[in-house]
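Just so it is clear, none of the values below were taken in a lab; they were calculated from the coordinates. Remember, it's a predicted structure, so these values are computed and weren't measured experimentally. Here the Cβ positions follow ideal geometry from the backbone for every residue, glycine too, while neighbour counts run over all protein chains shown.
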Amino acid sequence: MTGTWWWDLLIGLAVALVVCWLLLVAALAVARPRGGLLRDSLRLLPDMLRLVRRLAADSTLPRGIRVRLGLLLAYLAFPIDLIPDFIPVLGYADDAIVVAVVLRSVVRRAGLPAVERHWPGTPEGFAALVRLTRLDRH
C-alpha cells in the first residue's frame, strides 16, 4: 500500500509539471510579437540583454525591479531552454519574448526614460524596442 502512494504522488507531480509547462508555452505563444516584430526581437536580443544588465545594475531603480531583472538574467544564463529549439517559431524566440515581457513590466514601474537612458543601441533599435514591447501605449 505504501509503494502505490509514492507512485501516485510522483505521477501527480509529473502531470502537474507538464500542465504548468503547457500553460507557460501557451502564454508565450499569446505574448509573442506578431509579424516582423518577432524578427526585430531576435535582431535586438543582444542590445536587449545589455539593457537588462544595465538596468539591473542601476541602484536608482526600485529593488523589486532589479530583483526581477536579476531573475531574468539568471533565466537567460540557464543552459536549458524553457521551450526546446525544435518547436517552430517559439523554440528560438522564447528568450526574446521573455525579455520583452519583463521589460514591459519594468517600464510600467520605472518609466520609459529609465529604459531609454540605459539603451545601448541605435535610436532606430530603441524605436523597434518600443514597438516590440508595446511601450508606446504607456
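So for Trp21, Trp7, Trp119, fewest C-beta neighbours within 10 Å to most, what's the order?
In order of increasing Cβ crowding within 10 Å: Trp7, Trp21, Trp119.
Using the Karplus equation 6.51 cos²θ - 1.76 cosθ + 1.60 (θ = phi - 60°), what ³J(HN,Hα) coupling, rounded to whole Hz, does each residue of region 116-129 give in order, writing x for Gly and Pro?
Here the 3J(HN,Hα) series is 5, 4, 9, 5, x, x, 7, x, 5, x, 5, 4, 5, 4 Hz.
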